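Only one structure is covered here, and it is reproduced in the block below.
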Amino acid sequence: MGGNSNIIRLRGLLAAALLGAVLAGAGGHSRAAEGTLHPGPQSWSFAGVFGQFDRAALQRGFQVYAEACSACHSMQYVYYRNLGEPGGPGFGEAETRAIAAGFEVTDGPDETGAMFTRPALPRDHFASPFANEQEARSANGGALPPDLSVIAKARGIERGFPRWFIDLFTGYQEQGVDYVYALLNGYEEAPEGVTLQADMNYNRYFPGNQIAMAPPLSEGIVEYHDGTEATVPQMARDVATFLMWAAEPTLEERKRAGFQVILFLAVFATLLYLTKKKIWARIGH
Amino acid sequence: MSGPSTYVPKTGFERWLDQRLPVIRLMSDSFTDFPAPRNLNYWWTFGGILTFFLVTQIVTGIVLAMHYTANTELAFSSTEHIMRDVNYGWLLRYAHAVGASMFFLAVYIHMFRGLYYGSYKAPREVLWILGVIIYILMMATAFMGYVLPWGQMSFWAATVITNLFSAIPLVGPSITEWLWGAFSVDNPTLNRFYSLHYLLPFMIFGVVMLHIWALHVPGNNNPTGLDVKDKQDTIPFHPYYTVKDSFALVVFLILFAWFVFYNPNILGHPDNYVPANPLSTPAHIVPEWYLLPFYAILRAIPSKLGGVLVMFASLAVLLLLPWLDTSRVRSAAFRPLYRQFFWIFVLDCVILGYLGALPPEGLALTVARFATAYYFIHFLIILPLLGLIETPKPLPESITKSVLARSGDGGARPAGAAAGDAST
């Protein structure tokens, strides 16, 4: 782990030194050193000051999660009811209820003291595929599939100087979702000279390139309800969007409120400045 | 400057109260009639901004504490509970986390302003020392707050920092275990950090009161560094500085709002959204940005004990600053050499901060060593020498003269007349 991180770090430094090369790589990706690729920023509808989620993409993304990812990955902090809440995928109340009912959750104890399963209700958290960490590891060759509730905020990409400084003032906060998108598209044959460990897969964007997760997406594994063609990049994009919403369900509310707050503060500051000027005009300064 | 009180009770109740508990007199003398130099610039508005952020942190923190659970099994999920289920929980938590960063940004500006204008010199040594104590308490509070969400960085930052104490000869390991309340960072550690994180802000509040008291005895320094000579040099705090401070505060709040609403996580680390795992060390453990210079100093020294001592010395040297600076002139405006060394020192701190985020190896480590050495050279060699060899520029006769010479305004009314306008 340490060695890989040093490579990443070194790459970051190199990227900083080769500022021109980094800037040229904007929008796509840049190969700053041999081995792992540097995921490039994508264009997302939820980026920027007025960013909003693409509802259709969220619904498709949920479908990808439910039909592909959820076999191994839990999302323990997300409720089924969230699917119908404002700022989310926008499923209707009945639809949310029906989606929830398609999953089984454990409840109890009942009056005899026994636990039982029942169809999920909107108030339930997303059902987890495994009862506990041990079961999850045992079913996945020792690797633990991480919970995906906040994965879009728990990953980042190395930006290098001066990008990270510029990011402070451009509002770029899609590092995590850019990484998720890149990772899902990053599976390929291991290049010559690279020996994979047992049960590992080669991924261009994963730190160290060896990832336990087998390629989770393949052409057509999901049949989209809205007729969109289920290519790997399309599914990766949709599920990344869904994961961003899951990590930050109040994103739209936050950005909307931010605009109002900053507008108010700007007007208030102007009025205070004029007041200050008038008061200070009484004395020489 | 805190001369005889000018407060006159206006109502019967005020007269009655004034003879029993002169609290209105205290507020009036401290925040309304308080005479402040007429030439304070915008760098002087950060004291008010800091007070605002202290209160904001306490208020948001108290509400967050109502929803947070200090238990290693529940801390991470209770943080997500705040983000998802608590009404405006996302706003509270982001305001609190970003607020800590803004608090430090403001305190750094406030401290560098003090360094530039010589605000630590007699008769304000105690004021400065109280400020350094507040700063140290702030760092302790922020560090413990960062541990509470119990993400990967929380856990490993706590491990790294508490392990510093194990460098103490003989008793180090025992002290560390005593701090942990266990044999590693664990549930008892989280519990006591939570308790202390709630306690320390109120200690800061207490020291801030002393800081303001120590300010109001000698009165404000000012950009010329000259002492106030007569009433003409001052204006009443209200309305002149209340309105100027309010304007500056609202402008600063725009920056605060930008981060809270449009980039709330950029000042943190993605790893802190990964639940703490004692079995998996993150690739790269870094503190929050505002502690990075000290982290660079810590790691610049090849020995663990040495690093810890030098890091604490880098704070202790600030306490001695009033006596290390030998110049009799306060303001850098009249100290041509000091002004250059001041900016080199600022650059040195920025470089240390940048290096604190890099792994301590190769060129970064070499530069960090030089930057650490320079940090101490600045305080221990340059400042004492400068006072002896530097020829200051001629000082203006008075604050008022310097102000009116600059604005060319000969028709200024004396402060007394201006004070009379305060009611309009």
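Pick out the one residue from A:G84, A:G113 that is of a type in the set (G, A, S) and either touching a residue at least 60 places away in the same chain (Cβ under 8 Å) or at negative phi (or both).
Working: A:G113 fails: either touching a residue at least 60 places away in the same chain (Cβ under 8 Å) or at negative phi (or both).
A:G84 is the lone residue from the list that is of a type in the set (G, A, S) and either touching a residue at least 60 places away in the same chain (Cβ under 8 Å) or at negative phi (or both).
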Candidate set from the stretch A:230-280 (those that are more than 10 Å from chain B (Cβ to nearest Cβ) and over 27 Å from B:Y262 (Cβ atoms)); member that is surrounded by the most Cβ atoms within 10 Å (Cβ to Cβ): A:M235
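Looking only at the stretch A:95-112, which residues are under 24 Å from A:E253 (Cβ atoms) and either in the same structural domain as A:A57 (by TED's automatic domain parsing) or aliphatic (A, V, I, L, M) (or both)? Show your work before the answer.
Pass one, the stretch A:95-112, residues under 24 Å from A:E253 (Cβ atoms): A:95-97, A:99-100.
Across the stretch A:95-112, the qualifying residues are A:I99, A:A100.
Where in the stretch B:111-197 are there helices (runs of 4 or more DSSP H), lying wholly inside it, with at least 2 residues that are farther than 24 Å from B:A316 by Cβ, free of Cβ contacts under 8 Å to residues at least 40 places away in the same chain and not acidic (D, E)?
Values: elements: B:125-147, B:152-163, B:172-180.
Once the helices (runs of 4 or more DSSP H) in the stretch B:111-197 are filtered for at least 2 residues that are farther than 24 Å from B:A316 by Cβ, free of Cβ contacts under 8 Å to residues at least 40 places away in the same chain and not acidic (D, E), what remains is B:172-180.
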If you check B:F342, B:F379, B:F370, which single one turns out to be over 22 Å from B:Y120 (Cβ atoms) and at pLDDT 95 or above? B:F370
For the stretch B:293-306, which residues satisfy the criterion of being buried (at least 19 other Cβ atoms within 10 Å of the Cβ) and either within 14 Å of chain A (Cβ to nearest Cβ) or not hydroxyl-bearing (S, T, Y) (or both)? B:P293, B:F294, B:A296, B:I297, B:L298, B:R299, B:A300
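Look through B:T176, B:T234, B:T224 and report the one residue that is surrounded by 21 or more Cβ atoms within 10 Å (Cβ to Cβ), of a type in the set (S, T, N, Q) and out of contact with any strand residue (DSSP E or B) (no Cβ under 6 Å at 6 or more places or on another chain).
Values: B:T176 fails: surrounded by 21 or more Cβ atoms within 10 Å (Cβ to Cβ); B:T234 fails: out of contact with any strand residue (DSSP E or B) (no Cβ under 6 Å at 6 or more places or on another chain).
It is B:T224.
If you check A:A136, A:A131, A:A94, which single one turns out to be closer than 26 Å to B:A75 by Cβ, of a type in the set (A, V, I, L, M) and exposed (fewer than 12 other Cβ atoms within 10 Å of the Cβ)? Let's see the steps before the verdict.
On the way: A:A136 fails: exposed (fewer than 12 other Cβ atoms within 10 Å of the Cβ); A:A94 fails: closer than 26 Å to B:A75 by Cβ.
From the options A:A136, A:A131, A:A94, the qualifying one is A:A131.
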Tally time: how many residues in the stretch A:169-212 are aromatic (F, W, Y), crowded, with 17+ Cβ neighbours inside 10 Å and within 20 Å of A:R159 (Cβ to Cβ)? 5
Go through the stretch B:58-82 and give me each residue that's without any contact (Cβ under 8 Å) to a residue 12 or more places away in the chain, under 28 Å from the mean Cα position of the chain (by Cα) and under 17 Å from A:L251 (Cα atoms). none
Given (1) surrounded by fewer than 17 Cβ atoms within 10 Å (Cβ to Cβ); (2) within 14 Å of chain A (Cβ to nearest Cβ); (3) of a type in the set (A, V, I, L, M), identify the lone condition not met by B:A276. (1)
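Rundown of residues vs (1) within 11 Å of another protein chain (Cβ to nearest Cβ); (2) more than 24 Å from A:Q210 (Cβ to Cβ), yes/no style:
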| site | (1), (2) |
| --- | --- |
| A:F126 | no, yes |
| A:A139 | no, no |
| A:A143 | no, no |
| A:I157 | yes, no |
| A:F169 | yes, yes |
| A:Y181 | no, no |
| A:D199 | no, no |
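Can you give me the number of residues within the stretch B:238-252 that are out of contact with any helix residue (DSSP H, G or I) (no Cβ under 6 Å at 6 or more places or on another chain) and surrounded by fewer than 19 Cβ atoms within 10 Å (Cβ to Cβ)? Write out each step before concluding.
Of all residues in the stretch B:238-252, those out of contact with any helix residue (DSSP H, G or I) (no Cβ under 6 Å at 6 or more places or on another chain) come to B:238, B:240-242.
Now drop any that are not surrounded by fewer than 19 Cβ atoms within 10 Å (Cβ to Cβ), which leaves B:238, B:242.
Residues meeting the conditions: 2.
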What tally of residues in the stretch B:1-60 results from selecting those that are surrounded by 15 or more Cβ atoms within 10 Å (Cβ to Cβ) and assigned to a loop (DSSP other than H, G, I, E, B)? 10
Over the stretch B:214-233, the set of residues aliphatic (A, V, I, L, M) and closer than 17 Å to B:K393 by Cβ is B:L226
Among what's in the stretch B:379-408 and is without any contact (Cβ under 8 Å) to a residue 60 or more places away in the chain and within 14 Å of chain A (Cβ to nearest Cβ), pick the residue that is farthest from the chain's Cα centre (by Cα). B:G408
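Given the criterion of a type in the set (F, W, Y) and assigned by TED's automatic domain parsing to the domain that holds B:I136, identify the matching residue among B:F294, B:F256. Give the derivation first.
Details: B:F294 fails: assigned by TED's automatic domain parsing to the domain that holds B:I136.
Checking each option against the conditions leaves just B:F256.
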Would you confirm whether or not the stretch A:213-224 contains a residue that is within 14 Å of chain B (Cβ to nearest Cβ), surrounded by fewer than 18 Cβ atoms within 10 Å (Cβ to Cβ) and either touching a strand residue (DSSP E or B) at 6+ places or on another chain (Cβ under 9 Å) or of a type outside the set (G, A, S) (or both)? no
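The values are calculated or read from the model by the stated rules, or taken from the named source; none is laboratory data. The model shown is predicted, which means the values in this text are computed figures rather than measured ones. No Cβ is skipped: glycine too gets one built from the backbone with ideal geometry, and neighbour counts run over all protein chains shown.
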